[in-house]
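Please read the structure below before turning to the comments.
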Amino acid sequence: MRSTFKKLCLVTTAVFMMLLPITTGTAYAAETAYNVKTQWLTARPTSGMPLGLVSRQIELRAGTYGWFTYVAPPAVGTCQNYTGPIIGGTYTWSDQLWPGAPSVGYYRHDAYLSLNGGGAAYKISCTFQLRSDGDYTWGSALDPHF
């Protein structure tokens with residue numbers, strides 16, 4: 001009986017040790033949130049074209065987040081990302097797409113998180129060019145790191 005118990009303990013320990021590398025590492029419990037819009041965009045935008053806008057309210061827990069802008073299909077550009085603390089609260093999350101900024105053929109994408117009632121505000125930006133006209137999804141994403 002004692003040897004059966006000893007074998008069971010050894011097998012359990014071996015299984016646990018084999019699973020350990022799989023279960024260690026960073027795991028985030030909260031889901032990534034998106035603020036996006038899909039629309040037809042031209043590859044030659046000018047400043048006379050209408051501004052693109054998508055906005056929503058979002059409740060955020062205090063913590064560290066990764067925040068990034070994106071365009072899909074991929075565009076050619078320089079974009080800011082933010083990884084760091086964000087104060088908890090209810091925010092207005094806005095993404096704006098400025099055609100022809102800073103010049104013809106470019107878009108400037110500004111993303112804002114503004115704490116309702118004032119106080120904290122965060123901003124990231126991206127300037128990009130499109131390879132061709134077509135339907136694009138653009139916006140930003142918040143990835144909680146907790």
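Number of residues in the range 22-70 that are at pLDDT below 95 and either of a type in the set (A, V, I, L, M, F, W, C) or within 15 Å of I124 (Cβ to Cβ) (or both): the value is 5. Taking the conditions exactly as written (more than 26 Å from H145 (Cα to Cα) and surrounded by 14 or more Cβ atoms within 10 Å (Cβ to Cβ)), does Y112 satisfy them or not? The answer is no for Y112. Scanning the range 23-31 finds one or more residues that are of a type in the set (S, T, Y), without any contact (Cβ under 8 Å) to a residue 24 or more places away in the chain and farther than 12 Å from L142 by Cα. Cβ-Cβ distances below 6 Å connect the following pairs, each with a first residue in the range 126-146 that is modelled with pLDDT under 95, a second residue that is surrounded by 13 or more Cβ atoms within 10 Å (Cβ to Cβ) and not aliphatic (A, V, I, L, M), and a separation of six or more residues or different chains: F146/G63. Once the range 38-63 is narrowed to residues that are part of a loop (DSSP other than H, G, I, E, B) and aliphatic (A, V, I, L, M), the residue that is nearest to R131 (Cα to Cα) is A43.
If you go through the range 97-111 and pick out every residue that is touching a strand residue (DSSP E or B) at 6+ places or on another chain (Cβ under 9 Å), in a loop (DSSP other than H, G, I, E, B) and without any contact (Cβ under 8 Å) to a residue 40 or more places away in the chain, you end up with 1. Filtered by the rule that a residue be more than 27 Å from E31 (Cα to Cα), in a strand (DSSP E or B) and among the polar types (S, T, N, Q), the range 128-146 gives a lone residue, Q129. Looking at S114, is it in a strand (DSSP E or B) and in contact (Cβ under 8 Å) with a residue 24 or more places away in the chain? So S114 fails the test.
Do we find that G89 is over 17 Å from H145 (Cβ atoms), more than 14 Å from the chain's Cα centre (by Cα) and either surrounded by 15 or more Cβ atoms within 10 Å (Cβ to Cβ) or not small (G, A, S) (or both) in this structure?
On the way: over 17 Å from H145 (Cβ atoms): yes; more than 14 Å from the chain's Cα centre (by Cα): yes; either surrounded by 15 or more Cβ atoms within 10 Å (Cβ to Cβ) or not small (G, A, S) (or both): yes.
It is true that G89 is over 17 Å from H145 (Cβ atoms), more than 14 Å from the chain's Cα centre (by Cα) and either surrounded by 15 or more Cβ atoms within 10 Å (Cβ to Cβ) or not small (G, A, S) (or both).
The values are calculated or read from the model by the stated rules, or taken from the named source; none is laboratory data. What you are looking at is a predicted structure, and each value in this text was computed from that prediction instead of being measured. No Cβ is skipped: glycine too gets one built from the backbone with ideal geometry, and neighbour counts run over all protein chains shown.
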